[in-house]
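Here the structure comes first, spelled out in structure tokens, and everything after it is commentary.
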Amino acid sequence: MQKEKVIIIGSGPAGLTAALYAARANLNPLVLAGDLLGGQISLTSEVENYPGFPQGVSGAELVDLMKTQAERFGARLEYDSVVAVDFSKGSPFYLKSTMAEYEAEAVIVTVGASPRKLGIPGEAEFTGRGVSYCATCDGFFFKGKDVVVVGGGDSALEEGLFLTKFASKVTIVHRRDQLRAGATLQARAAANEKIGYIWDTVVTAIEGDGTVQRVRLHNRKTGGDSVLPTDGVFIFIGHDPNNSIFKGQLAMDQDGYVITDKQMRTSVEGVFAAGEIQDRLYRQIATSVGQGAAAAMMCERWLAEREG
Ligand code: NAP
């Protein structure tokens with residue numbers, strides 16, 4: 001059993017910032033980074049709204065900078081995923097990863113959220129063969145091809161715009177007749193002639209022979225069904241919190257977000273949470289960074305009060 005003072009689960013902006021603050025508070029934190037260093041931002045093509053980068057920065061570069069900064073002050077990173085936790089007996093907390101077992105005096109949970117699935121026929125079957133949840137990862141494979149983007153939020157438009165660098169046509173299929181995305185992205189998308197819209201419509205099935213060849217559509221207003229030939233389907237319909245290992249351990253709201261107070265404390269004393277696992281409202285890199293800093297500060301204070 002490896003004994004640690006502070007374990008940070010997750011390595012997105014919240015986790016890497018918590019690591020930086022905890023390291024600078026001499027807590028010698030261990031970050032169990034999970035499957036994807038940086039979490040969702042490592043898959044984001046261009047970040048334009050994180051202060052300090054007036055020309056924008058790629059998600060991968062920002063992750064690398066955050067990691068380097070945390071490590072500079074002594075944070076340790078393990079490329080390992082936590083598979084189970086036991087918070088029931090209080091501190092020290094038990095954590096089991098794919099490679100080891102740990103005991104931690106305090107824990108900061110920053111495991112983020114994952115892309116939501118449509119749950120329609122063909123979606124799972126064609127994932128990686130035309131169905132994707134990441135334009136940055138897969139856009140290149142669609143050079144000169146037609147793609148469908150599902151969703152009407154900021155992600156759908158931002159990723160749809162990115163896809164126009166490769167695809168010859170990007171058709172956004174949205175279930176309503178109004179976008180949820182912000183005005184800036186809407187204006188940029190409207191000015192891009194490669195982007196078209198199909199309104200009031202849902203995708204009911206994804207079909208093909210080995211790779212995606214068409215989608216089946218259903219118009220919610222007219223009730224009409226149709227078929228649209230396409231080479232790819234990019235799905236951006238929101239996210240669900242990655243809460244599976246915390247069920248029964250931490251209090252959550254009805255949608256599975258971990259409940260925290262203003263000091264980033266969860267329902268278990270000594271366990272803090274930051275970023276999209278507990279934030280359904282803002283979901284920005286800037287806000288996750290702030291929450292990660294706050295969680296580490298409160299964690300440090302909690303440990304000091306306990307010891308002192
Ligand atoms: P979102 O804002 O929740 O939008 C999800 C979109 O998918 C909505 O248009 C929704 O339709 C649609 N949708 C949901 N479930 C669906 C289903 N089962 N079938 C068909 N369509 C479905 O999610 P997001 O776009 O991922 O954005 C998440 C957060 O990150 C937001 O706060 C956003 O502002 C932020 N974000 C910001 C930026 C940026 O500032 N550059 C970039 C990306 C994301 P309805 O509209 O009908 O609900």
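The values are calculated or read from the model by the stated rules, or taken from the named source; none is laboratory data. These numbers were taken from a predicted model, which means no experiment stands behind them. Cβ placement follows ideal geometry from the backbone for every residue including glycine, while neighbour counts extend to all protein chains displayed. Please note that ligands, DNA and RNA were not included when accessible areas were found on the heavy atoms of the full protein model with its side chains. Shrake-Rupley method; radii C 1.70, N 1.55, O 1.52, S 1.80 Å.
Structural remarks
- Comparing V83, L157, L36 along the charge dipole axis of the chain, the residue lying farthest to the positive side is L157, per the Cβ-charge model.
- Accessible carbon and sulfur surface of segment 117-235 relative to its total accessible area, %, 1.4 Å: 49 percent
- Inter-part distance, segment 267-290 to segment 186-230, computed on C-alpha centroids, equals 34 Å.
- Peptide packing: for 102-111, 74-83, the average count of neighbouring Cβ atoms within 10 Å per residue gives the ranking 102-111, 74-83, highest mean first.
- For the chain, the antiparallel share of DSSP beta bridges with both residues in that region comes to about 45%.
- Placing unit charges on the Cβ atoms only, positive for Lys and Arg and negative for Asp and Glu, gives the chain a dipole magnitude near 440 debye about its Cα centre.
- Rounded D (µm²/s) - segment 117-235, Kirkwood Rh over Cα pairs, Stokes-Einstein at 37 °C, 0.692 mPa s: 235 µm²/s
- Net charge of Cβ neighbours under 11 Å - reference E103; Lys, Arg +1; Asp, Glu -1: 0
- Per-residue packing, averaged as other Cβ atoms within 10 Å, sorts the ranges 133-141, 3-11 into the order 3-11, 133-141, beginning with the highest.
- Axis angle, to the nearest 10 degrees, between helix 154-163 and the longest C-alpha principal axis of the chain: 60 degrees.
- Cβ-defined net charge surrounding I245, 11 Å radius [Lys, Arg +1; Asp, Glu -1]: +1
- Taking every DSSP helix (H) stretch of at least 4 residues in the chain, weighting each as -39,500 (n - 2.57) and dividing the sum by the residue count yields a mean residue ellipticity at 222 nm of -7000 deg cm²/dmol.
- Contact order normalised by residue count of the chain, Cα under 8 Å, 6+ apart, percent: 21 percent
- Per residue solvent-accessible surface (Å²) - the chain, probe of 1.4 Å: 48 Å²
- Of all beta bridges that DSSP places with both ends in segment 117-235, some 45 percent have antiparallel geometry.
- Cross-link partners for K143 among the lysines, with Cα-Cα distance under 21 Å and sequence neighbours closer than 8 places in the same chain left out: K165, K169, K194.
- Segment D240-N26, length gained on full extension (0.36 nm per residue, minus Cα span): 73.7 nm
- Charge tally around I120: other residues with Cβ under 15 Å, Lys/Arg +1 each, Asp/Glu -1 each, net +2.
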